[in-house]
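Working notes for the structure below.
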Amino acid sequence: MKPLEDILVIDLSQFLSAPSATLRLADLGARVIKVERPLEGDICRKLYVSNVNMNGDSSLFRAINRNKESFQADLKNEVEKQQVLKLIEKADVLVHNFRPGVIERLGFDYDTIIKINPEIVYGEISGYGKEGPWKTKPGQDLLAQSLSGLTWLNGNDGSGPTPVGLAIADILSGSHLVQGILAALIKKGKTGKGSKVSVSMLESIIDFQFESITTFYHDGGQPTTRPKSNSAHAYLGAPYGVYKTQNGYLALAMVSIPVIGELIGCEELTNYPEPASWFTKRDEIKVILANKLNTNTTEHWLSILEPADIWCANVMDWETLFNRDGFKALNMIQNVKMGDGFEYKTTRCPIKIDGEYLTSSLGSPILGEHNAKIANEFNV
């Protein structure tokens, strides 16, 4: 039995942030009914992150909406709105990510919902919170990253702001919403009372930077200075970074500079015995190290560094990773099947409980696929 079995989630959300949250709830065993507008459904169905079309919809939609049911309803149509409200009346959790003001106009705001279901856990994600001058800005991942300061932590000094190449603000806020919902469900189990859980993308991406922001407040507000080369962290000293070799790249984490110098036969590096110099002379150390590492292969350096317990790794692309035994042992890829028989590969939930993976063979739904079943079951 999965932990959230018998928990009913009504999902009014679209795009990526909140749907990633309901995906995780579904992985944990909850039943997720995704309410989609007629004809078009979730906008994410046609939001392509590449030119890959999977059974009529985007790969993004297929990836984050597996293991859910689709109920097609127009929330502006009074009859269909009442159908959805009846579903919510019987639900444990409601999730949405409408902009502030929209959910109130539709009549699904928290004050309205708790009148029909006082015990519900009501979860919402916004772009920038419900107060303040930014509350109506579009909650899009690149925009949230850009406002948050994160883009000045990536890349080399002088390269300009560098965003993370994933929808990290969306995914983090979805993860935070799940955490809040699970805490609220525990509270409900103890007190019988529901809760309203609110998360914003901007707050999530700011919290993601807690190390660097704490440092900023305690180093006199010094500007962030990234390494001039081989950057992997704006604050950490040498050798932390990624280095080109003769046939690929090598990642190095925290290690004594003289120690690595002796191991790889680079006498110049033994001239930096003081840990403070690994920060103050970070750029010159990295240049020396980069020149040395480029004289041999990644495998050669790993054969020296790994036995010495140096924190290092081959920098792999997906094709290389997927063919390695270390990846295969994780069983991270699962096959799922849609109701019409279309099958595809995707990732599984990364959580294991009592030694068991949280997998499901159910793919993402066709728009309105479960209307008749849900209408009959819930008498709506």
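Bear in mind that the values in this text are calculations on the coordinates, not laboratory data. In this text, all values refer to a predicted model and were calculated from it rather than measured experimentally. For neighbour counting, all protein chains shown are included, and Cβ atoms are generated from backbone atoms with ideal geometry for every residue, glycine included.
A search for C-beta distances below 7 Å between a residue of the stretch 100-119 that is under 21 Å from ARG37 (Cα atoms) and free of Cβ contacts under 8 Å to residues at least 12 places away in the same chain and any residue that is surrounded by 16 or more Cβ atoms within 10 Å (Cβ to Cβ) and hydrophobic (A, V, I, L, M, F, W, C), counting only pairs 6+ apart in sequence or on different chains, returns ASP109/ILE103. Residues that are assigned to a helix (DSSP H, G or I), within 16 Å of HIS233 (Cβ to Cβ) and of a type in the set (A, V, I, L, M, F, W, C) within the stretch 127-163 comprise LEU150, TRP152, listed in sequence order.
For the stretch 252-267, the criterion of being among the aliphatic types (A, V, I, L, M), within 30 Å of PHE210 (Cα to Cα) and without any contact (Cβ under 8 Å) to a residue 12 or more places away in the chain is met by no residue. Has the stretch 89-111 got at least one residue that is of a type in the set (Lys, Arg) and within 30 Å of MET338 (Cα to Cα)? Looking through the stretch 89-111, at least one residue is of a type in the set (Lys, Arg) and within 30 Å of MET338 (Cα to Cα).
Residues are listed down the side, and each one gets a yes or a no for (1) touching a residue at least 40 places away in the same chain (Cβ under 8 Å); (2) not β-branched (Val, Ile, Thr):
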{"residue": "VAL9", "(1), (2)": "yes, no"}
{"residue": "PHE15", "(1), (2)": "yes, yes"}
{"residue": "ALA30", "(1), (2)": "yes, yes"}
{"residue": "GLY41", "(1), (2)": "yes, yes"}
{"residue": "SER59", "(1), (2)": "no, yes"}
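Residue count for the stretch 278-302, restricted to those that are touching a strand residue (DSSP E or B) at 6+ places or on another chain (Cβ under 7 Å) and crowded, with 20+ Cβ neighbours inside 10 Å: 5.
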